[in-house]
Amino acid sequence: MNEPAVLEGRNLWKEYSSGVVALSEVSLQFVEGEIVVIVGPSGAGKSTLLHLLGGLDRPTRGEVLLRTESGKGQISLYEVSESQRAKIRNRQIGFVFQFYHLLPEFSALENVLCPLLISGAPMKKAKSRAEDLLRKVGLSGRQDHKPAHLSGGEQQRVVLARALVNGPKVLLCDEPTGNLDSKTGSCVKDLLWDLARKEKQTVVIVSHDAEMTERADRVIHMRDGKIEATHSVMKGSTR
Ligand SMILES: Nc1ncnc2c1ncn2[C@@H]1O[C@H](COP(=O)(O)OP(=O)(O)O)[C@@H](O)[C@H]1O
Ligand SMILES: [Mg+2]
């Protein structure tokens with residue numbers, strides 16, 4: 001591999017203040033455009049790993065490296081200031097987490113607009129981009145609804161649109177279909193794959209969903225805060 005990894009964890013350790021060691025010695029790399037699924041029993045450290053990789057929580061030891069926007073070098077996510085890290089998160093990393101985290105007092109459109117406005121996009125441009133993404137996730141007719149007036153699946157599609165609105169290189173998803181019925185879950189999955197493939201995004205998904213592990217480029221198995229095994233998925237005629 002000549003070009004630097006889009007995202008990389010080096011020797012990551014995480015010990016919470018409670019004394020729980022949630023991750024020990026985890027090293028992994030993600031290249032451009034790959035979709036990786038992480039599986040493992042509850043408590044294995046999957047969510048902790050995503051938080052560390054996303055710049056949301058500092059590792060006790062080790063580092064997280066993100067490819068720079070120019071694509072030439074890498075930046076060590078916890079060696080920059082908190083405000084710099086927030087800026088990097090906003091522009092380069094999209095989050096689709098299990099609990100929606102939508103702002104309840106804002107409409108779907110306003111929720112999707114937020115990251116764009118934070119990154120300094122002019123309102124008119126931001127609005128058309130947000131509307132475009134809401135159309136792509138099939139929600140143009142619902143854009144003025146507040147989260148409470150949307151179904152679980154619709155809320156998760158708003159979360160997806162919001163995660164993608166800044167065109168992030170990396171998308172981190174923690175059980176993105178965990179609390180959706182299977183039909184709605186399939187729809188969110190299809191959208192995720194379509195949009196990520198189109199934009200050559202690197203996607204890391206924590207999921208127990210067999211369909212996701214089948215469709216992934218690579219599956220990482222975690223247990224007790226460690227990577228137990230990794231395997232590439234053979235692309236055959238079943239897709
Ligand atoms: N904020 C926290 N404070 C203390 N312990 C935590 C915290 N978050 C997770 N843990 C513990 O760390 C371990 C790994 O948790 P987690 O990363 O949530 O695993 P998973 O997502 O695989 O279920 C568990 O033992 C969990 O109880
Ligand atoms: Mg978890």
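The values are calculated or read from the model by the stated rules, or taken from the named source; none is laboratory data. For clarity, every value in this text was computed on a predicted model and none was experimentally measured. No Cβ is skipped: glycine too gets one built from the backbone with ideal geometry, and neighbour counts run over all protein chains shown. Accessible surface areas use protein heavy atoms only, side chains included; no ligands, DNA or RNA. Shrake-Rupley method; radii C 1.70, N 1.55, O 1.52, S 1.80 Å.
Assorted remarks:
- Non-local lysine pairs in the range 159-239, meaning eight or more places apart or on different chains, with alpha-carbon distances under 27 Å, amount to 15.
- Qualifying trypsin sites (Lys or Arg not before Pro) for the range 64-117 [loop in DSSP, other Cβ within 10 Å: at most 16]: Lys72
- Of Asn90, Asn111, Asn179, the one that fluctuates the most in a GNM where the chain has Cα springs shorter than 10 Å: Asn179
- Neighbourhood charge, 11 Å Cβ-Cβ cut-off, centred on Gly9 and excluding it, Lys, Arg +1 and Asp, Glu -1: -1
- Angle in degrees between helix 182-198 and the longest Cα principal axis of the chain, rounded to the nearest 10: 80 degrees
- Note that the chain presents 49 Å² accessible area per residue, ligands and nucleic acids not counted, probe 1.4 Å.
- Whole-percent carbon and sulfur share, accessible surface of the chain, 1.4 Å: 50 percent
- Cα gyration tensor category, rounded, prolate or oblate, for the range 66-147 with a/c compared to 1.5: prolate
- Across the chain, the longest run free of exposed loop sites, meaning chymotrypsin sites (Phe, Trp or Tyr not before Pro) lying outside DSSP classes H, G, I, E and B with no more than 16 other Cβ atoms within 10 Å, spans 107-239.
- Cβ crowding within 10 Å averaged over residues, with 128-139, 180-191 ranked highest first: 128-139, 180-191
- Prolate/oblate/rounded call for the range 81-235, Cα gyration tensor, a/c under 1.5 rounded: prolate
- Value at 222 nm in deg cm²/dmol, rounded to 500, when DSSP H runs of n ≥ 4 in the chain each add -39,500 (n - 2.57): -10000 deg cm²/dmol
- Cα gyration tensor category, rounded, prolate or oblate, for the range 1-61 with a/c compared to 1.5: prolate
- Pairs of lysines in the range 34-161 whose Cα atoms sit within less than 29 Å of one another amount to 16, provided the residues are eight or more positions apart or on different chains.
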